[in-house]
1. Looking at region 5-20, can you tell me whether even one residue there is in a loop (DSSP other than H, G, I, E, B) and out of contact with any Leu (no Cβ under 9 Å at 6 or more places or on another chain)?
2. When the residues of region 108-145 are filtered to those that are over 18 Å from C17 (Cβ atoms) and in a loop (DSSP other than H, G, I, E, B), which remaining residue is modelled with the highest pLDDT?
3. Could you grab me the full set of residues in region 151-171 that are in contact with a Leu (Cβ under 8 Å, 6 or more places away or on another chain), open to solvent by less than 40 Å² (accessible area, probe 1.4 Å) and farther than 15 Å from L113 by Cα?
4. Does region 43-54 contain at least one residue that is open to solvent by less than 40 Å² (accessible area, probe 1.4 Å), over 23 Å from H173 (Cα atoms), touching a residue at least 60 places away in the same chain (Cβ under 8 Å) and outside any helix (DSSP H, G or I)?
5. Considering only region 77-86, state which residues are closer than 15 Å to L39 by Cβ and either in contact with an Asp or Glu (Cβ under 6 Å, 6 or more places away or on another chain) or open to solvent by 20 Å² or more (accessible area, probe 1.4 Å) (or both).
6. Of the conditions (1) at pLDDT below 55; (2) open to solvent by less than 60 Å² (accessible area, probe 1.4 Å); (3) among the acidic types (D, E), E101 satisfies every one except a single condition; which number is it?
Amino acid sequence: SLLLGEFATVRRGWRVCDLGCGSGVLSLLLLARESTLSLTAVDLSPAAADLCRRNFAENGLEAPVLTGDLTAPALLPAGSFDLVISNPPYFAADSGGNGGEARMEGTCTLESLCAAAARLVKNGGRFALVHRPERLAELLEALRCRGLEPKRLRLCHHSPAAPPFAALVEAVHQGRPGLEILPPFLDRPD
């Protein structure tokens, strides 16, 4: 979330939707960068949505926090956001991945997350997320199949010799082809 909060493009007055908001930290990070954002947060878990509401209140933020399936078309109006962000579960169901239940895809798969983002973001709007590098090909395909053209990619490493531990990707809804590969983020430069 910290890396994505710095990576995602934000502009003055943008409407932002945090899909799978958890505690709301990602929304708060973006708001620290641009105080004029209009935020909406969504989480399937009532406990996570409640925690997000409390974190927003403790930070003096009045923003809607919805509980529900982000893939449900009736939850939010289509094309109503300039930016959709997400730090989704990284591991496909039954993949053998670790990280506990919170890190395993359930009803919201990578494909359904990209479909929800494509529905929610306006034409020319952006979808930014962080994911596992080993799922990068799957992620890029899911984005493009939903009309979200990958525009910026940054791999994150613990050191120059270490393989990447995360991939930050930003796509533009109905954007032209052309992917910018940014210099890697190094957690501990040697």
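1. Filtering region 5-20 for residues in a loop (DSSP other than H, G, I, E, B) gives 8-14, 20.
Filter once more, so that each one left must be out of contact with any Leu (no Cβ under 9 Å at 6 or more places or on another chain): none.
No, because not a single residue in region 5-20 is in a loop (DSSP other than H, G, I, E, B) and out of contact with any Leu (no Cβ under 9 Å at 6 or more places or on another chain).
2. Looking at the filtered set, the residue picked out is R132.
3. L153, C156, H157, S159, A166, A167, L168
4. Within region 43-54, the first condition is being open to solvent by less than 40 Å² (accessible area, probe 1.4 Å), and the residues that meet it are 43, 48-49, 52.
Those still in the list that are over 23 Å from H173 (Cα atoms) too: 48-49, 52.
Filter once more, so that each one left must be touching a residue at least 60 places away in the same chain (Cβ under 8 Å): none.
Scanning region 43-54 turns up no residue that is open to solvent by less than 40 Å² (accessible area, probe 1.4 Å), over 23 Å from H173 (Cα atoms), touching a residue at least 60 places away in the same chain (Cβ under 8 Å) and outside any helix (DSSP H, G or I).
5. Within region 77-86, the subset closer than 15 Å to L39 by Cβ is 80-86.
Within region 77-86, S80, I85 qualify.
6. Evaluating E101 over (1) at pLDDT below 55; (2) open to solvent by less than 60 Å² (accessible area, probe 1.4 Å); (3) among the acidic types (D, E) leaves (2) as the failure.
The values are calculated or read from the model by the stated rules, or taken from the named source; none is laboratory data. The structure presented is a predicted model; accordingly, all values stated were derived computationally and were not measured. Reconstructed Cβ throughout: ideal geometry from the backbone, glycine too, with neighbour counts over all protein chains shown. These area figures cover heavy atoms from the full protein model, side chains too; ligands, DNA and RNA do not enter into them. Shrake-Rupley method; radii C 1.70, N 1.55, O 1.52, S 1.80 Å.
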